[in-house]
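Data first, discussion second: the structure below is written as structure tokens.
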Amino acid sequence: MPAPSIVILTGAGISAESGLGTFRDEGGLWAQHRIEDVATPEGFSRNPQLVTDFYNARRAQAAKATPNAAHRAIALLQTRHGGAITLVTQNVDDLHEKAGSQDVIHMHGALNSALCAHCEHRWPASLKMSVGQDCPKCNAPAARPDIVWFGEIPYHMERIEKALARADIFVAIGTSGNVYPAAGFVQMARHVGAETLEMNLEPGENINLFDDARPGKASETVPIWVEEMLAG
Ligand code: OAD
């Protein structure tokens, strides 16, 4: 039997134990900031300083954070599993990379990347971005955080859908199942007959779509699951 193809989707919950705030838990980021102010293109046009400050603060926090046992277990699975593993994250931090993961698909963008709103050139973001920063390629004063805001199209969808279409196992970790298209990946995986598993502290909005759930902290549940996968 060939090793199964696995698609792993991660969300803010996997980075919670590394000290990065989630969005929708009590006291989460969306309790402290209005989504329309800091996570939409309209919010950025209205008040670019507020949005730039918001992501500068998150970038500074992420730069100091270290991966936890869940990130490390996934990186280990990537090196030891014989079959395909597609790692998709909604997170804009780089904790999967810091744990040693390769080829992480950042469908909602990345804090360490800057994007030119004029020519779409990308470059490594400085720790502190400033409003109206020049694009190093076209010189337009149009730098913005390379984050997919509400109303924008997530990145790498074609690649993710291809991976889901040949998945044997789909696992969602630390995501509340509130934001589409990611919340719909479980349905795509089910459609091709994949086994589906959720590992979350609280059941996500789409929990009924999963075959199985392992509630708990990602740092505890994920290493156990990885050990089982590697034991075959
Ligand atoms: P949410 O904040 O919506 O959900 C985080 C989930 O993680 C919740 O279901 C928690 O129960 C769970 N959780 C918290 N701590 C955990 C732990 N230690 N171990 C396991 N699970 C834990 O975050 P996301 O689902 O990632 O998009 O949010 C999706 C998108 O909404 C984000 O990418 C962001 C946001 O708006 C954009 O900004 C475009």
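For the reader, a short list of remarks on this structure follows.
- Pair list, Cβ under 7 Å, 6 or more apart: the stretch 127-156 residue under 15 Å from ASN112 (Cβ atoms), other residue in a strand (DSSP E or B) and among the basic types (Lys, Arg): ASP146/ARG122
- Wholly enclosed helices (runs of 4 or more DSSP H) of the stretch 57-167 bearing at least 2 residues closer than 20 Å to ALA16 by Cβ: 69-80, 95-98
- Out of GLY151, GLY132, sole residue that is over 15 Å from the mean Cα position of the chain (by Cα), surrounded by fewer than 23 Cβ atoms within 10 Å (Cβ to Cβ) and within 12 Å of the ligand (Cβ to nearest atom): GLY151
- Which listed residue, of VAL92, VAL7, VAL38, is more than 10 Å from the ligand (Cβ to nearest atom) and of a type in the set (Val, Ile, Thr): VAL7
- Number of positions in the stretch 93-123 that are farther than 16 Å from ILE8 by Cα and of a type in the set (Val, Ile, Thr): 0
- Within the stretch 10-19, being within 10 Å of the ligand (Cβ to nearest atom) and either surrounded by fewer than 22 Cβ atoms within 10 Å (Cβ to Cβ) or part of a loop (DSSP other than H, G, I, E, B) (or both) holds for GLY11, ALA16, GLU17, SER18.
- Single residue of the stretch 181-206 satisfying the filter (surrounded by fewer than 16 Cβ atoms within 10 Å (Cβ to Cβ) and in a helix (DSSP H, G or I)) that is nearest to the ligand (Cβ to nearest atom): GLY184
- Qualifying residue in the stretch 205-215 (condition: in contact with a strand residue (DSSP E or B) (Cβ under 7 Å, 6 or more places away or on another chain), closer than 22 Å to SER15 by Cα and modelled with pLDDT under 95): no
The values are calculated or read from the model by the stated rules, or taken from the named source; none is laboratory data. Predicted model, so just to flag it, every value in this text is computed and none were measured. Positions of Cβ are backbone-derived with ideal geometry, glycine not excepted, and every protein chain shown enters the neighbour counts.
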